[in-house]
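The values are calculated or read from the model by the stated rules, or taken from the named source; none is laboratory data. Not measured: the values here are computed from a predicted model. With ideal geometry, Cβ positions are generated from the backbone for all residues, glycine too; neighbour counts draw on all protein chains shown.
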Amino acid sequence: MIILINGSFGVGKTTVARQLRSYFKGSVIYDPEWPGLVLMRVPKWIKLKGAGRDDFQHIDLWRKSAAAGVRLFRLFASGPVIVPMTFSSRAYFDEVVKSLKRLDPQLRVFCLRASLSTIRSRLVERRTKIEGPGSEWIARRIVECADAHRDPHFGEPVDTENRSAREVTQDIIEKLSQPVFQ
């Protein structure tokens, strides 16, 4: 099983992914952000289609590597592979989900949601700079995500507003036990 957890920065994806890993014996977390950060630092003389912009999701190789990484992690997992990612681009989301569904037709995609004010508060609590010089990227992205994630296309909605990570995790576990009609 592959479980994709979409949601804005600061909404709780990593925390929920860790709790799901604890719940599902043999599960692993594959975070595609790591290869994305590596690809963002590749020297400019190496031409990567989509590189040179402010987000690794624009890099074609990164989007392909998301499914390749999940495939690799499945070799070592006896339980689900849990994949926390932040998508607000419908095209990029669809591309990665299509690749993951080839690996697992029963892929489950959840989108953690909260109000913009809650996301800002959570980011401030974890000491992420969201205002002033150097914070333009994150400030722009959380607004994009808050807008995009109102659309159920980005995953089965899971409200995180005024809820603990444990409550959100339990909600996802309950949803996973229910059949999905497609």
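Summary of computed values
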quantity: Set E144, E95, E136: member being modelled with pLDDT under 80 and of a type in the set (D, E); calculated: E136
quantity: Hits in segment 59-105 (condition: within 16 Å of the chain's Cα centre (by Cα) and either at positive phi or small (G, A, S) (or both)); calculated: S65, A66, A67, A68, G69, S88, S89, A91, S99
quantity: Any hit, segment 155-173, residues being surrounded by 19 or more Cβ atoms within 10 Å (Cβ to Cβ) and part of a loop (DSSP other than H, G, I, E, B); calculated: yes
quantity: Search result, residues across segment 58-85 that are at pLDDT 75 or above and in a loop (DSSP other than H, G, I, E, B); calculated: A77, S78, G79, P80
quantity: Segment 94-111 residues that are among the charged types (D, E, K, R), paired with ones that are not in a loop (DSSP other than H, G, I, E, B) (beta carbon under 6 Å, 6 or more apart); calculated: E95/R63; D104/I2; R108/I3
quantity: Contacts under 8 angstrom Cβ, first residue in segment 147-172 being under 15 Å from F9 (Cα atoms) and among the polar types (S, T, N, Q), partner part of a helix (DSSP H, G or I) and modelled with pLDDT under 95, 6 or more apart; calculated: T160/T118
quantity: Segment 32-57 - residue that is buried (at least 18 other Cβ atoms within 10 Å of the Cβ) and in contact with a Gly (Cβ under 9 Å, 6 or more places away or on another chain) and, of those, modelled with the highest pLDDT; calculated: P32
quantity: Of all residues in segment 119-133 being modelled with pLDDT of 75 or more and more than 18 Å from the chain's Cα centre (by Cα), the one that is surrounded by the most Cβ atoms within 10 Å (Cβ to Cβ); calculated: S121
